[in-house]
Amino acid sequence: MSHPDPSPEPLNIEDPVGRLPEEWQAALTALGERPFRAKQLFRWLHQRAELDPDKMSDLSLPFRARLREAGVAEPLRVETVHESKDGTRKLVLLANDGAKVESVIIPMTDLSDADAGAAPSDDEHEENDEPLAAKSRVTLCISTQYGCAMGCVFCASGQAGLVRGLRASEIVSQVYLAKRYLRPDEQLSNLVYMGMGEPLHHYEQTARSVRLLTHPDGLGMSPRRITISTVGLIPGIERLGRDFAGKLGLAVSVHAPNDETRNRIIPMNKRYPLAELMRALRAYPLPKRRRITIEYTLIDGVNDGPNHARELGTLLRGIPSKINLIPMNPITASELRAPKSEAVRKFQEILANAGYSCFVRTRRGDEVAAACGQLAMADDLVRKKREREELRALSKKS
């Protein structure tokens, strides 16, 4: 008596978009699938950003059925899109557990605008390893955490606190979703990890997302077009340099030229003071002609005086760098104010005279709270922060 063939073992697909090809190969081979299926599937998920198995035309019908049965879902979905007059678009993205994050599409109007901060790693324009099509360049700013634990006083995310980190799949999903909102004449040129969260506080998933985005069988982004921003977490900077050989752009939020001032606005400075941070930057393995981007938010009466500019010039001596000056954008969680335009002009002039490439970042998207320091999903995160504080108060009472 013949027996029917047993049904194939069901696929156990946890976080499919977060898997690298070699991980897919090990998992699929163990389930009896042919090894080359891993590369095919990875290309569908990352090169084409396609998650519907029925559209994966070069996969076998039985394999597509297994994928469909397992369920392959988008890690994030677009809830709303806010567009600024200058063409900046802020995408509010919703995760399966209700977490909300934001990413921002920033049109680059010309190279001077890129120098002003839209694409902090502008050196890649000097040493392109692949030509860009004749389209308008776009920089995408993405988030790595739902909230932020760093507590910087001028940043909405930092004031709201940290709820959780994002998985690598949720980080790369921001890129694939944003590409759907590019106009026909636009092309994604640069990617900056400068949205909600501190990327190096969440190193493993940040690094995995970079490997997914740069994989040649996926989107294949050049590492030279990706910039990781940090408030100055030295172990993360050192690890980033080792793991990616300095090929990724590095942007460091300095924001003050001395420890006394920096301690007041960046609490993490007490753990990683400026002298140690500068040593780490000098040791970062920069390729030739590349520079570290120094981010400096100018705050009225706090860090925007001529003496601060001169101190900053001394502090950065010997570090291949360029400086982005960012007049503080208003946030509801702080009474700190933007600097006066004359103070900004004088600050830039002092640094330029000291030999630094120094740019004032163009304010982009501020009327939709998409400018630097404004991303927070404020109402949502403030509510969650209040809930955490109430729980802590209750636990103390009990």
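The values are calculated or read from the model by the stated rules, or taken from the named source; none is laboratory data. What you see is a predicted model, and the numbers here were worked out from it, not measured in a lab. Glycine also receives a Cβ, built like all others from the backbone with ideal geometry; neighbour counts cover every protein chain displayed.
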Expected single match for surrounded by fewer than 18 Cβ atoms within 10 Å (Cβ to Cβ), in contact with a Gly (Cβ under 8 Å, 6 or more places away or on another chain) and over 18 Å from ASN190 (Cβ atoms) among PRO285, PRO273 is PRO285
Those helices (runs of 4 or more DSSP H) completely within segment 244-361 that have 2 or more residues that are under 24 Å from HIS201 (Cα atoms) and touching a residue at least 60 places away in the same chain (Cβ under 8 Å) are 259-265
Being modelled with pLDDT of 95 or more, under 20 Å from LYS247 (Cα atoms) and not assigned by TED's automatic domain parsing to the domain that holds ARG37 narrows SER173, SER222 down to just SER222
Screening ARG137, ARG183, ARG164 for residues that are modelled with pLDDT of 65 or more, crowded, with 18+ Cβ neighbours inside 10 Å and within 27 Å of ARG77 (Cα to Cα) leaves only ARG137
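The rows are residues; the columns are (1) under 19 Å from GLY241 (Cα atoms); (2) modelled with pLDDT under 95.
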position: LEU274; (1), (2): yes, no
position: MET278; (1), (2): yes, no
position: ILE292; (1), (2): yes, no
position: ASN303; (1), (2): no, no
position: ILE331; (1), (2): no, yes
Being at pLDDT 95 or above, surrounded by fewer than 20 Cβ atoms within 10 Å (Cβ to Cβ) and over 13 Å from TYR176 (Cβ atoms) narrows LEU31, LEU41, LEU20 down to just LEU20
Filtering segment 147-182 down to residues that are touching a residue at least 60 places away in the same chain (Cβ under 8 Å), touching a strand residue (DSSP E or B) at 6+ places or on another chain (Cβ under 7 Å) and not aliphatic (A, V, I, L, M) yields GLY147, PHE154, SER157, GLY161, ARG164, GLU170, SER173, GLN174, LYS179, TYR181
*Condition test on LYS55, is it surrounded by fewer than 12 Cβ atoms within 10 Å (Cβ to Cβ) and modelled with pLDDT of 95 or more?*
yes
